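A short write-up of the structure that comes next.
Quick note: the coordinates plus some simple rules give every number you see, no bench work behind them. Not measured: the values here are computed from a predicted model. We place every Cβ from the backbone using ideal geometry, glycine too, and count neighbours over all the protein chains shown.
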Amino acid sequence: MSGKPQKITLVIVVLAVILILSACTLPAFDTPASIGGLSSENNDQDNSGQSGDAQPSLTFTTEPTWTWTPEPTATFTPTSTATPSWVGPESFGDGINPLTGEMVSDPTLLNRIPLALKVSNFPAAGRPHFGLSFADLVFEYYIGEGMTRFLVFFYGQDAEKVGPIRSGRLIDGQLVRMYGGVLGMKGADIGTTANLNQKLPGRVFNAVPAACPALCPYTISHTYGTFSDTAAFSEYIETRGLVNSRPELEGMRFDSNPPEGGQQAEFLHIYYNWNDQVGWEYDAERGVYLRSQDPADGTGELYPMPDALTGEQLAFENVVVLYALHTFHNPTTIEIEMWYANGRRALFLRDGVMVEGTFSAVDEDHPLRFETVDGESYSFKPGSTWFQIVGLGSMLNAQEEPGSWYLQFIP
């Protein structure tokens, strides 16, 4: 009996050893880092530790958010979406000044009569001038004895002080009537006064104390003591019974793009007289011509001409030379033909380029027209224009420096 228990105990021991050895040879489980070759940083995977293929992960897809798309509505598409770069010469949009091609800050100013003021250039002691940088148009012309004078038009903006105001000349009646304006001056000789009143009935205003501040002689000085406030002048003419309404001012075409062709024109020197010389230098950065003038000392040296109202040098987008017939009645009484000009020569300067062309009068009551040599309307640069009127015999010569020109005034 004692032998059986020993055999049973031996069998149990053997089985236990077999079980232990079998446990040591079982395969190990994969770690989460090795499942499917994916990194444990991928939180979108199922890292359950199962051997073989990983179970597909469950992902939650939100319901789509709906956006409202309106039904297409019929829209008007213009033939050209680009804003036109030009205006005139016949039509101008609301608020656009037909004398500059620019939008004005106060459109109500365009519902009035243009104001034309006579401004002195001699004697030189009356310089610097006041208010010229606020002008739309300036006409400079010869008055005899080696001197020039200015007829200055204000329409799209006002200047609180303009001058010195001087006497009228025969040409003023033509130009002021063509631009539908009124003339402000400080006297004129008997014959010229009669001529101006005939051309501009009821539209010639003389500087007297009663007209202050519209046309005010602030001092007894005959040459440089009289000035104008253009806003006050515009109000003053209404008190004199004149209907202050907008005239027809079509005639100028404006385009921000310069015309094709032409010659380089960086500087224009105009010689009216050894005591009266003018310079226009192109400022490419600002896109304007800067005015200079000799001091009437015989040296011919040119110095910047400032506006005493602003302290800045006069700058104009356009400079135009008009060749006109001069008829001398005496040394200081000169008839300069504007009304009957038909295809007269003109030189147009803008953007550093000079273009040949012509100017003509439509009639006595409409502004001048300007054309290229091809008969197309010349395109001014939007902005102000200074007209230099010279005689038909005046000579233009190119200088050694490229883009520099010299114009000799010959009546």
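As a calculated quantity, the FRET efficiency between Thr219 and Met103 at R0 = 41 Å, using C-beta atoms, amounts to about 0.60.
Treating each Cα of region 95-235 as an identical point scatterer and summing with the Debye formula, the log10 of I(q)/I(0) at q = 0.11 Å⁻¹ comes to -0.36. Scattering from region 269-411 was approximated by placing one identical point on each alpha carbon and applying the Debye formula without solvent; log10 I(q)/I(0) at 0.13 1/Å stands at -0.63. 3J(HN,Hα) along region 223-231: 9, 8, x, 10, 9, 10, 9, 5, 5 Hz, from the Karplus curve 6.51 cos²θ - 1.76 cosθ + 1.60 with θ = phi - 60°, whole Hz, x for Gly and Pro.
For Met354, the residues 5 or more places off, or on other chains, whose built amide H falls under 5 Å of its own are Gln263, Gln264, Ala265. In summary, the convex hull built on the alpha carbon positions of region 251-323 has an orientation-averaged projected area of 6.8 nm².
Treating each Cα of region 88-133 as one equal point scatterer and applying the Debye formula with no solvent, the log10 of I(q)/I(0) at q = 0.15, 0.18, 0.20, 0.25 Å⁻¹ comes out as -0.57, -0.70, -0.76, -0.93.
Taking other residues whose beta carbon is less than 10 angstrom from the beta carbon of Ala232, and scoring Lys, Arg as +1 and Asp, Glu as -1, yields -4.
In region 112-153, the inverse of the mean reciprocal separation of distinct Cα atoms equals 11.0 Å; this is its Kirkwood hydrodynamic radius. Within region 105-181, the GluC sites (Glu not before Pro) that combine a DSSP coil assignment with at most 12 other C-beta atoms in a 10 angstrom radius are Glu145. Just to confirm my numbers, what's the Cα centroid distance between region 126-174 and region 251-292 in Å? The two parts, judged by their Cα centres, are 19 Å apart. Each Lys or Arg adds one and each Asp or Glu takes one away; over the other residues whose Cβ falls under 11 Å from the Cβ of Trp339, this sums to -3. A DSSP coil position with no more than 10 other Cβ atoms inside 10 Å describes the following GluC sites (Glu not before Pro) in region 260-312: Glu260, Glu285.
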